[in-house]
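In what follows, a structure is listed as structure tokens, so that the remarks can point back to it.
Quick note: the coordinates plus some simple rules give every number you see, no bench work behind them. This one's a predicted model, so the numbers in the text were calculated from it and none came from an experiment. No Cβ is skipped: glycine too gets one built from the backbone with ideal geometry, and neighbour counts run over all protein chains shown.
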Amino acid sequence: MTTAVVVLDAQLAIAYLNPSAENLLGVSIRQAAGRPLGDFIHPADELETLCRRALESGLTFSLRELEARAGDRELIVDCRAVPLDAEPELLLELFDTERDRRIRRELDLLAKQRLSRRIVSQLAHEVKNPLGGLRGAAQLLERQLPAPELRKYTQVIIDEADRLAALVDGILKGGRPKPELLNVHQITEHVANLITAEKPPDVKLVRDYDPSLPPLETDRGQMIQAFLNLSRNALQAVGSSGRIVFRTRALSNFTIGGEFHRLVLSLEVEDDGPGIPDELKETIFYPLVSGRDTGTGLGLTIAQDLVGRNGGLIEFTSRPGRTAFQMLLPLTGAGAAGDAPGRGGKRT
């Protein structure tokens with residue numbers, strides 16, 4: 001069932017959650033049993049009032065587009081409270097309307113990704129031609145230089161031209177993934193080591209990991225590059241002081257671009273910077289779009305493209321004080337054979 005079902009007793013304590021409710025609230029039935037509903041949904045006033053009206057009258061009551069939070073997640077849900085004839089006494093149905101909005105947003109992101117890929121390919125074509133001329137000119141200049149020690153500078157030009165040409169070729173050929181089975185924390189920890197070396201002393205890097213995640217079959221190099229691009233954006237957003245969080249979670253019964261997946265792994269980068277300006281939110285994944293004067297506008301475009309090549313998608317939410325980019329990667333192939341993970345996290 002995609003509908004989240006919560007069964008409550010007369011004191012509005014949780015007696016049962018179905019898997020969709022566990023996913024929506026970010027908590028397992030084992031952790032939630034016997035605890036008040038208000039412990040997991042904030043603010044809970046409207047929802048608790050709805051439930052009490054149903055209990056007192058014996059009638060079904062509904063509430064549309066309730067805005068609330070469950071843990072770190074913002075919710076927009078339609079609610080229906082149905083009295084039961086026996087204990088536990090109330091059935092609460094939560095319909096995630098944000099899910100439908102998210103699917104539409106993801107389809108739009110996928111369309112933007114295809115357009116961005118074409119634009120980047122055209123840019124790569126334009127770059128490749130002058131690179132050949134640059135390399136040829138450096139070779140001719142090298143032959144004319146009288147002193148051997150001066151040739152090291154032309155060699156730098158030649159080497160960099162070759163490196164850029166190889167990068168352009170990789171873009172034009174599509175960068176086909178080479179998947180391998182790995183733990184996603186190999187990706188996050190590799191990037192964490194790089195960011196730790198780059199960050200100012202007053203920037204704090206927090207790891208909030210779920211250690212029980214199953215292995216994922218994906219291209220390690222491409223995912224490291226994508227996660228690194230997101231992390232460097234976060235580092236630039238917080239400036240000389242702030243907080244960056246690396247978070248990993250498993251999401252069950254999840255859709256990516258309208259396609260249903262039993263299990264999706266989420267690799268998230270959160271920062272407490274000023275947030276993304278509203279005028280950039282619709283175009284943030286387009287090439288050459290940047291919120292910084294010194295930005296190239298290619299980091300997010302490349303990250304989205306790399307994740308897309310591996311069957312996933314990058315989503316984001318942003319407001320002043322909290323911006324979170326989420327790499328969503330479906331569990332497929334050999335990795336899907338593992339047991340479903342728990343819902344705990346490890347924070348360091």
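In terms of its Cα atoms, the range 4-100 spans 33, 29, 20 Å along the principal axes, sorted from long to short. For Thr196 and Thr332, FRET efficiency with R0 = 35 Å and r from the beta-carbon atoms, rounded to 0.05? Computed FRET efficiency for Thr332 and Thr196: 0.65.
Modelling each spin label as a point 7 Å along the Cα-to-Cβ direction, I'd like the Phe260/Gln236 distance in nm, to one decimal. Between Phe260 and Gln236, the label points sit 4.0 nm apart. Legend: ranking of residues Ile41, Ile314 from fewest to most surrounding C-beta atoms inside 10 Å; resulting order Ile41, Ile314. Panel order for Thr196, Thr218, by other beta carbons found within 10 Å of each beta carbon, from fewest to most: Thr196, Thr218.
By the count of other C-beta atoms within 10 Å, a proxy for reagent exposure, Lys199, Lys281 are ordered fewest to most as Lys281, Lys199. Residues of the range 316-332 with an amide N closer than 18 Å to a point placed 7 Å from the Cα of Arg243 along the Cα-to-Cβ direction: 317-325. Each label point was placed 7 Å from the Cα along the Cα-to-Cβ direction; for Thr283 and Tyr16 their separation is 5.2 nm.
Of all aspartates and glutamates in the structure, the ones whose alpha carbon falls short of 17 Å from that of Lys152, not counting any fewer than 8 places away in one chain, are Glu142, Glu160, Asp162. Using Cβ point charges alone (K and R +1, D and E -1), the dipole size of the range 4-100 about the Cα centre works out to roughly 160 debye. Placing dummy labels 7 Å off each Cα toward the beta-carbon, the span from Glu74 to Asp39 is 2.7 nm.
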